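See below for the structure under consideration.
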Amino acid sequence: VDYTWDLTKRWRLFTGYKFRYRKEWQSSLSSATIHERHSIPLAKLEFRLTERTRFQFGLQGFGSKLPYTVTDLVNPEVDFEQTDTVLMATNDSQYFGYLVTTTFGFNNRKKEFSSPLMAALGDEDFVSAFIRVFIGFQDE
């Protein structure tokens, strides 16, 4: 579920909610081996600097108030809450007939497991920088 607000000519706000459900079992077992529910609130604020260049700030999960949560009904020790934050710039251009999209920015992920044992092994708090280049062509 999502909705986009065009706030002004240059500012756009995207909000959404994603729910994923996954259940797996082996035919030899009567109970599930995996039974997960993912609850993911989303938001993205975009500023269009030019027709080809835009800046974006995005969130998956909103801190402790409305986090990205994963609940595992088979293995509750692997339940966790997560927040992903990204700040990036994107430029679209043409080069000798090819469409080139360049994206660069920073990402921050904070992941906290509910089980103290899993928290000691799997909690995450890291920042990464990235540059991505996509090259394609437009069908005429």
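Below, the figures for the structure above:
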read-out: Cα-based shape type of region 70-110, given that a ≥ b ≥ c are square roots of the gyration tensor eigenvalues and the cut on a/c is 1.5; value: prolate
read-out: Partner lysines for Lys44 [C-alpha distance under 22 Å; skip if fewer than 8 residues away on the same chain]; value: Lys9, Lys18, Lys65, Lys110, Lys111
read-out: Difference of contour (0.36 nm per residue) and Cα-Cα distance, Leu66 to Ile34; value: 9.1 nm
read-out: Solvent-accessible surface ranking, highest first, for Lys111, Lys44 at 1.4 angstrom; value: Lys44, Lys111
read-out: Global geometry of region 53-129, whether rounded, prolate or oblate, following the gyration tensor of its Cα atoms and the 1.5 cut on a/c; value: prolate
read-out: Solvent exposure, largest accessible area first (probe 1.4 Å, DNA, RNA and ligands not counted), of Phe113, Phe19; value: Phe19, Phe113
read-out: Distance from region 51-87 to region 1-31 (C-alpha centre basis), Å; value: 11 Å
read-out: Charge tally in the Cβ shell below 13 Å around Arg109, where Lys, Arg are +1 and Asp, Glu are -1, Arg109 excluded; value: -4
read-out: Point-to-point label distance, Phe137-Leu87, nm (Cα→Cβ direction, 7 Å offset); value: 3.9 nm
read-out: Dimensionless Rg over Rh [the chain; C-alpha; Kirkwood]; value: 1.09
read-out: For the chain: relative contact order, % (alpha-carbon pairs under 8 angstrom, 6 or more apart); value: 16 percent
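The values are calculated or read from the model by the stated rules, or taken from the named source; none is laboratory data. Note that this is a predicted model, so its numbers are computed, not measured. Because the Cβ atoms are built from the backbone with ideal geometry, glycine has one as well, and the counts that use them run over all protein chains shown. Surface accessibility is based on the protein's heavy atoms, side chains included, excluding ligands, DNA and RNA. Shrake-Rupley method; radii C 1.70, N 1.55, O 1.52, S 1.80 Å.
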